[in-house]
Amino acid sequence: MKRWEREILDLIQKKGRGPRRDKVMKAVSRAGDKGAVWLALTGAMGVRRKTRKTSTALSLALALDAASCNLVLKPLTDRLRPCDHNPSVPLLVERPTDASFPSGHTTAAFAVTTGLYKNGSKLWVPSLGMALLTATSRMYLYLHYPSDVVAGGLLGTFVGCMGTRINEKCWSKKEAAKPDREVRKKAS
């Protein structure tokens with residue numbers, strides 16, 4: 001653990017902790033467990049025709065997030081969590097079993113926020129607030145270093161852009177094929 005990271009985490013533990021904040025941070029973190037809140041939002045957007053295109057972009061972003069963060073980077077870095085280096089800090093939630101770097105909660109939050117922004121959804125504003133709160137909660141709960149959440153934010157932004165780019169290409173091909181399908185329907 002870098003000294004500056006330890007100092008930030010210690011400051012949060014000494015000055016920021018409190019019973020009400022404990023409840024809020026636990027709830028925020030729990031909402032992001034396994035991407036639950038982001039998957040729910042993505043699914044809800046997929047129900048409406050008007051937001052279906054954004055939903056598929058978010059789905060792609062979350063898939064890229066899961067692959068890059070959980071299947072590649074976490075096993076590759078195998079970074080211990082702050083609670084492993086300093087077990088004297090009482091954990092408010094169960095200790096995750098995977099590696100610390102990067103923060104998966106933060107990556108998913110920023111992937112969806114970026115996808116919402118890139119697809120013109122006004123939901124990106126509250127999503128950004130939730131993403132920032134999620135990143136903060138992971139440090140508050142002593143589960144991630146500041147560099148874990150910064151890396152998660154950067155990775156999430158990247159996969160959100162990539163998910164949108166891939167989605168645009170897929171929807172463009174679908175739209176280009178649409179007139180051809182309509183001609184075939186009229187001919188039959």
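The values are calculated or read from the model by the stated rules, or taken from the named source; none is laboratory data. On a predicted model such as this, the values are computed, not experimentally measured, just so you know. Note: ideal-geometry Cβ built from the backbone for every residue, glycine included; neighbour counts use all protein chains shown. Remember, those area values only see protein heavy atoms, side chains included, never the ligands or the DNA or RNA. Shrake-Rupley method; radii C 1.70, N 1.55, O 1.52, S 1.80 Å.
Where [x] 24, 20, 15; [y] 29, 18, 15; [z] 38, 16, 12 are the candidate values, the label of the one calculated here for semi-axes √(5λ) of the Cα gyration tensor in Å is [z]. Ranking PHE158, SER100, ASN86 by Cα position along the charge dipole of the stretch 67-188, where only Lys, Arg, Asp and Glu carry charges on their C-beta atoms, puts PHE158 farthest toward the positive end. Solvent-accessible area per residue in the stretch 73-116 equals 44 Å², computed with a 1.4 angstrom probe and all protein chains kept.
Percent of accessible area on the stretch 1-59 owned by carbon and sulfur, 1.4 Å probe?
58 percent
Report ³J(HN,Hα) in whole Hz for each residue of the stretch 27-37, in order, from the Karplus equation J = 6.51 cos²θ - 1.76 cosθ + 1.60 where θ = phi - 60°; Gly and Pro get x. Karplus-based 3J(HN,Hα) across the stretch 27-37 equals 5, 4, 5, 4, 4, x, 4, 6, x, 3, 5 Hz. Between the listed residues SER55, CYS69, ALA36, the Cα displaced farthest toward the positive end of the dipole of the chain, a dipole computed from Cβ unit charges relative to the Cα centre, is found at SER55. Phi angles across the stretch 77-87 convert, under the Karplus curve 6.51 cos²θ - 1.76 cosθ + 1.60 with θ = phi - 60°, into 3J(HN,Hα) values of 7, 6, 6, 5, 7, x, 5, 7, 7, 9, x Hz, Gly and Pro given as x.
Got a sec? Charge dipole of the chain, +1 on Cβ for Lys and Arg, -1 for Asp and Glu; which of LEU9, TRP124, THR134 is way out at the positive end? Of LEU9, TRP124, THR134, it is TRP124.
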